[in-house]
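Here's the structure, in structure tokens; my notes come after.
The values are calculated or read from the model by the stated rules, or taken from the named source; none is laboratory data. Values in this document were obtained by computation on a predicted structure and should not be read as measured data. All Cβ positions, glycine included, derive from the backbone under ideal geometry; neighbour counts span all protein chains shown.
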Amino acid sequence: MADEESLARRAFSCPVGPLSDRKLSAEKLPNSRSLSLGEEQEVEEDEIADDRLEEILISRVNTGDNLAKFQLGQFYFEREVYGKALISFERIKDTDFQAKYQLGIMYYDGIGTKPDPEKGYELLKEIANSTSPDAAHLVPFAQYNIGRAYYEGFGIKQSDAEAERWFLTAAQDGDPSGSIKAQTAYFWHQEATGNGSLESQGALGVMFEYGIGVRRNGEAAFKCLKEAAARGNVYAQGNLAVHYFRRKLLNKAADLAKSVGEQEDVEGLANETECLPQYVAKGIALGCFVYARCLHHGLGASSFDLDVVARLQDESTYGYI
């Protein structure tokens, strides 16, 4: 989170995304109030020049508009004018929880200022422990980041137990969209993958593929899915077939999907790979689906394969399907 050396302390067999993904996330601040000036001006925001937006905000700040005070800081933050953003947030941190949240992130990660993880941690903890209705939408995000601070041991003494406690608190109290639960699941699947979990490696690949709890990353998804598939994870094999199909690698998609779809012993595969039976079944179902699509459209496989027709006829005759 704070520097490259700290992020390399624990090795993972799958990529964990760009360095920015390992920092406390401040790019998309959750909020319960509109930050759009364009909406208020009844024009598209991108039609208002930055200098005009800044002028409007400063004018409103000078008239005592409290919302504009935060909007001005966020305006600077989003345009990477971090020095001015820091000053704007500092001025209102005692009356605006969103400004305090942004400051916590900026100090922790050294955005626009010298890194001060202790100060960043304290600001975020104030939000994480707040009972104010004005901070409610920020609390689970702050709790999650406090968990990251404890796990990495920056700004506070390292403690896996405290990290887990804060992660679970964030997941239980998180927002209705489930984003905090997804981030927490991603984190622990990442840890389990590093410790050799075949099931978590496949799950991590799916999370990268669809951007669940982490930024979407096709390259990372492929690496995780391919490694897990090679180790026998049927769920990863099915999702890898989907990965190939979506990227028009049709021969690979058809071959892998056919192989996965022909698996039958769900319980045996689950015991062999130490994966949940329902996910083994999902992997087989995905293989069947992708192979059916390939056959139907003649993509990577003949649309009228006599051998397949004969096999399906036999299975139908003898009651297998």
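Go through segment 90-124 and count every residue that is more than 27 Å from the chain's Cα centre (by Cα) and assigned to a helix (DSSP H, G or I). Number of matching residues: 3.
Go through segment 188-221 and count every residue that is in a helix (DSSP H, G or I) and either touching a Ser or Thr at 6+ places or on another chain (Cβ under 6 Å) or modelled with pLDDT of 80 or more (or both). Qualifying residue count, segment 188-221: 22. The set of residues from segment 49-86 being more than 32 Å from the chain's Cα centre (by Cα), surrounded by 12 or more Cβ atoms within 10 Å (Cβ to Cβ) and of a type in the set (A, V, I, L, M) comprises Ile56, Leu57, Ile58, Val61. The sole residue among Ile111, Ile105, Ile92 that is surrounded by 15 or more Cβ atoms within 10 Å (Cβ to Cβ) and either over 30 Å from Thr184 (Cβ atoms) or in contact with a Ser or Thr (Cβ under 7 Å, 6 or more places away or on another chain) (or both) is Ile92. Here are the criteria: (1) crowded, with 18+ Cβ neighbours inside 10 Å; (2) farther than 18 Å from Thr193 by Cα; (3) modelled with pLDDT of 90 or more. Tell me which single one Leu295 does not satisfy. The number of the failed condition is (3). In the set Ala229, Ala281, Ala254, only one residue is in a helix (DSSP H, G or I), under 15 Å from Ala203 (Cα atoms) and touching a Leu at 6+ places or on another chain (Cβ under 8 Å); that residue is Ala229. When segment 230-239 is examined, which residues are found to be in contact (Cβ under 8 Å) with a residue 24 or more places away in the chain and on the phi < 0 side of the Ramachandran plot? Arg231, Asn233, Val234, Tyr235, Ala236, Gln237, Gly238, Asn239, listed by residue number.
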